[in-house]
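The values are calculated or read from the model by the stated rules, or taken from the named source; none is laboratory data. Since this is a predicted model, take the numbers as computed values, not measurements. A quick note on method: Cβ atoms are made from the backbone with ideal geometry, for glycine too, and the neighbour counts reach across all protein chains shown.
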Amino acid sequence: MIKCMAVNAGSSSIKYKLFEMPEEKVICEGLVERIGHEDAHFRIKYNGTKHDDYLPIMDHKVGVKLILEALIKDGIVKSYDEIKAVGHRVVQGGKYFSKSAYFNEDTEEKITKLIPLDPLHAPAHLMGFHAFKEVLPEAVTIAVFDTAFHQSMAPEDYLYPIPYEYTEKYDCRRYGAHGTSHQYLANKAIKDYFHGDASKRIITLHLGSGASLCAIKDGKCVATSMGLTPLGGVMMGTRCGDIDPSVYYYLVEKTGKSSAEIYDELNKKSGFLGVSGISNDTRDVLSAAEKGDERAMNSIRLWARRVADFVGSYTVRLGGVDMIIFSAGITENSPTFRKFILDDISEALKIKVDWAKNDLLIGKEGEITAEGSQVRVLVIPTDEEVMIARDCFSAFEGKL
Ligand code: AMP
């Protein structure tokens, strides 16, 4: 039995979860938000207790020190030696990583090379890594990549139809993201619902404020919706997803804004927020739509249509589909948002929904299809952290 820490360091935040492995028991979890500010937020939750502090946390190093000090102060660990492994979530692994890797000099060098592909997250991941390494130098440290699961895609699934020299010279291709989540969902479905039969065709829908779909066969990704970066694919909270590339050029020409400004708007001011003009939070958008706001309703229908289009195309790609899995913030928690999608796909895929079951499943796992449905539809809350902890445990045992 060992303790493993799963870490998700963002540009101004660090989320963490401490596990006892291999039992997969969560010992504590929390976050540090607004790093770089005088009123940063520190939270730790354990044993049903929760502490929140608001204090200056000017960099990641200070944030990590606070987390580790709290573990001792609250009696969660007696000494840091108890934490045998630390796993860092890394968004972009590019072409280099098809599985998790020990966080050594070579891994750091490759992540540094990938900064141009992910300027927002990659430097934060490296800061998180160094901050933990300083206090826990003996712990086995690994990097767990969001892109790794998608490295099994065939060239026709990851290439872009652009001049080939750009693909070669700049590694400009589809990498996808949320791979850890899609893999967790597929593994769970194969183990718990298909008695270990990995040959089943599964489409996983990770639909939260960031959103992506994945087509899975033989437990491997064959296609995924996000692209070179997490901006591609379906519409999201603030990201536009796939659009005609001309829109970008057209808007730069029309508005007189720089390409960087328009790019920023496609990332941060589009999606639900852009179309509804209300919020990136789907709860607010739905409540406006229910009060008759037309743009809010259009944004929901557009989102559902985009998701349905991908489900259709992945069904063809897989030669049929045995199971569809809803996950992440929106479709783990909202029967209504699931219904918008199901209304768009059920007829073609001969899905028979048990609407009473759909209504009951909020934030928990279960099946929502009725007897005789050609495709099984499930809701499974995702758990990226436990995947990180599992790889930490394998790495500790030298079996990564
Ligand atoms: P995630 O990125 O997976 O954490 O998802 C977070 C998002 O899920 C939030 O920003 C909301 O838009 C959405 N969400 C969470 N709960 C609900 C709910 N009950 N109904 C609709 N949307 C929800």
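Within region 353-400, no residue satisfies the criterion of being crowded, with 20+ Cβ neighbours inside 10 Å and at positive phi.
Got a sec? Which of V275, V234, V222 is within 24 Å of L342 (Cβ to Cβ) and in contact with a Phe, Trp or Tyr (Cβ under 8 Å, 6 or more places away or on another chain)?
Working: V275 fails: in contact with a Phe, Trp or Tyr (Cβ under 8 Å, 6 or more places away or on another chain); V222 fails: in contact with a Phe, Trp or Tyr (Cβ under 8 Å, 6 or more places away or on another chain).
When all the criteria are applied, what remains is V234.
Being in contact (Cβ under 8 Å) with a residue 12 or more places away in the chain and polar (S, T, N, Q) is a condition met by no residue of region 163-170.
Per the conditions (1) over 17 Å from the mean Cα position of the chain (by Cα); (2) modelled with pLDDT of 95 or more, the sole criterion not satisfied by S98 is (1).
Scanning region 77-107 for residues that are among the aliphatic types (A, V, I, L, M) and part of a loop (DSSP other than H, G, I, E, B) turns up V77, V91. Highlighted here are the helices (runs of 4 or more DSSP H) found entirely within region 108-201 that include at least 2 residues which are over 28 Å from A70 (Cα atoms) and more than 21 Å from the chain's Cα centre (by Cα): 155-158, 164-170, 179-192.
Screening the candidates D343, D354 for the property of being closer than 28 Å to D281 by Cα and without any contact (Cβ under 8 Å) to a residue 24 or more places away in the chain yields one hit, D354.
Confirm whether S79 is in contact with a helix residue (DSSP H, G or I) (Cβ under 8 Å, 6 or more places away or on another chain), small (G, A, S), modelled with pLDDT of 95 or more and on the phi < 0 side of the Ramachandran plot. Taking the combined requirement at face value, the residue does not satisfy it. Scanning region 51-67 for residues that are within 25 Å of the chain's Cα centre (by Cα) and either exposed (fewer than 14 other Cβ atoms within 10 Å of the Cβ) or acidic (D, E) (or both) yields one hit, D59. Among the residues making up region 211-232, a single one is touching a residue at least 40 places away in the same chain (Cβ under 8 Å), within 14 Å of the ligand (Cβ to nearest atom) and of a type in the set (G, A, S): A211. Counting the residues of region 322-336 that are crowded, with 24+ Cβ neighbours inside 10 Å and more than 16 Å from the ligand (Cβ to nearest atom) gives 1. Return yes or no: is I72 in a helix (DSSP H, G or I), in contact (Cβ under 8 Å) with a residue 24 or more places away in the chain and either surrounded by fewer than 16 Cβ atoms within 10 Å (Cβ to Cβ) or touching a strand residue (DSSP E or B) at 6+ places or on another chain (Cβ under 8 Å) (or both)? Taking the combined requirement at face value, the residue does not satisfy it.
Filter region 237-282 for residues that are within 12 Å of the ligand (Cβ to nearest atom) and either touching a residue at least 40 places away in the same chain (Cβ under 8 Å) or surrounded by fewer than 14 Cβ atoms within 10 Å (Cβ to Cβ) (or both) and give the result.
Within region 237-282, G237, T238, N280, D281, T282 qualify.
The number of residues in region 283-310 being more than 16 Å from the ligand (Cβ to nearest atom) and surrounded by fewer than 21 Cβ atoms within 10 Å (Cβ to Cβ) comes to 7. For region 352-387, a residue qualifies if it is away from the ligand (no atom under 16 Å from the Cβ) and within 19 Å of the chain's Cα centre (by Cα), and exactly one does: L378. Looking only at region 271-285, residues that are among the small types (G, A, S) and closer than 17 Å to A304 by Cβ come to 3 in all.
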